[in-house]
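The values are calculated or read from the model by the stated rules, or taken from the named source; none is laboratory data. What you see is a predicted model, and the numbers here were worked out from it, not measured in a lab. FYI the Cβ positions are ideal-geometry reconstructions off the backbone, even for glycines, and counts take in every protein chain you see. Keep in mind that these areas ignore ligands, DNA and RNA; they rest on the heavy atoms of the full protein, side chains included. Shrake-Rupley method; radii C 1.70, N 1.55, O 1.52, S 1.80 Å.
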Amino acid sequence: MWPAQAMSGSLVLFGPPGAGKGTQAGLIVDLTGKPQVSTGDMLRAAVKAESAMGMEAKEYMDAGLLVPDSVIIGLIEERLTEADASAGVLFDGFPRTIRQAESLEAIANVVAVISIEVPDSAIVERIVGRRMDPETGGIYHVNFNPAPPEIVSRLIQRPDDNEETVLARLAAYHEQTAPLAAWYGERDLLVSIDGDHSIDEVAAAVETVVRGLA
């Protein structure tokens, strides 16, 4: 890891569900020292802390409504004032729309947007083939990471790890993210990475990109 001041500014990481963003986000945090910021984590923390923004968000969540962008941006603005965010953060899964990106632009200095791109067919294969061990929480894959024979009989498939659900999530992702990628591309901030490779190969590509920003 190099000093955070070597790359002042925030990064955005996005990609389709199942692209491996979680793994690569951890690598980026290790490389840069920037804290990972996801809206889900922020919402939970704000509600737990009973902050003004957290209580406002809780009203929407309790009513089964989406938390509006204005509240999310408010939470992000609060998060950016914390000491560990002084040299920027890693936004994971936000923004998802151009409107959100425009709001984020007003409060954060985004210096690069890393997009992990994986074909839909590969995403479907990755997610539909996932299996979980209910006793240990271990995750396996019928093709890429088979479980030991002695535990195969107890493995389960998560209810939403089916092709219909995955395709619906991918359709929503493409509808929201395709224009967002172009928006960042017009600002010369977008860096696309081919995520249809092994975890180690994608990690090497991500590391090359991040080190190039320092």
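Residues in segment 80-121 that are assigned to a loop (DSSP other than H, G, I, E, B) and over 13 Å from V12 (Cα atoms): L80, T81, E82, S86, A87, A106, I107, V118, P119.
Within segment 192-214, take every residue that is touching a residue at least 60 places away in the same chain (Cβ under 8 Å) and open to solvent by 80 Å² or more (accessible area, probe 1.4 Å) and give me the one that is farthest from the chain's Cα centre (by Cα).
Residues of segment 192-214 touching a residue at least 60 places away in the same chain (Cβ under 8 Å): 192-196, 199, 202-203, 206-207, 209-211, 213-214.
When the remaining residues are screened for being open to solvent by 80 Å² or more (accessible area, probe 1.4 Å), the result is 194, 199, 211.
Details: D194: 16, I199: 16, R211: 20 Å.
Among residues in segment 192-214 that are touching a residue at least 60 places away in the same chain (Cβ under 8 Å) and open to solvent by 80 Å² or more (accessible area, probe 1.4 Å), the one farthest from the chain's Cα centre (by Cα) is R211.
For A101, the criteria (1) of a type outside the set (F, W, Y); (2) over 18 Å from the mean Cα position of the chain (by Cα); (3) crowded, with 16+ Cβ neighbours inside 10 Å hold in every case but one, which is (2).
Determine, yes or no, whether L43 is farther than 20 Å from G15 by Cα, at pLDDT below 90 and not in a helix (DSSP H, G or I). Here the answer is no, as L43 does not meet what is asked.
Report the residue count in segment 139-187 for those that are among the hydroxyl-bearing types (S, T, Y), open to solvent by less than 80 Å² (accessible area, probe 1.4 Å) and without any contact (Cβ under 8 Å) to a residue 40 or more places away in the chain. Step through it out loud before you land on a result.
At the first step, the residues of segment 139-187 found to be among the hydroxyl-bearing types (S, T, Y) are 140, 153, 165, 173, 177, 184.
Next, only the ones that are open to solvent by less than 80 Å² (accessible area, probe 1.4 Å) stay: 140, 165, 173, 177, 184.
Add one more test, that the residue is without any contact (Cβ under 8 Å) to a residue 40 or more places away in the chain, and what stays is 140, 165.
Going through segment 139-187 one residue at a time, the tally reaches 2.
Taken as a whole, the condition of being over 19 Å from L180 (Cα atoms), touching an Asp or Glu at 6+ places or on another chain (Cβ under 7 Å) and not in a loop (DSSP other than H, G, I, E, B) applies to I151.
Output the residues belonging to segment 154-184 that are under 20 Å from the mean Cα position of the chain (by Cα), assigned to a helix (DSSP H, G or I) and among the charged types (D, E, K, R). Of everything in segment 154-184, those that are under 20 Å from the mean Cα position of the chain (by Cα), assigned to a helix (DSSP H, G or I) and among the charged types (D, E, K, R) turn out to be R169, E175. For segment 84-92, state whether one or more residues are out of contact with any Cys (no Cβ under 8 Å at 6 or more places or on another chain), over 20 Å from L180 (Cβ atoms) and without any contact (Cβ under 8 Å) to a residue 12 or more places away in the chain. Looking through segment 84-92, none of the residues is out of contact with any Cys (no Cβ under 8 Å at 6 or more places or on another chain), over 20 Å from L180 (Cβ atoms) and without any contact (Cβ under 8 Å) to a residue 12 or more places away in the chain.
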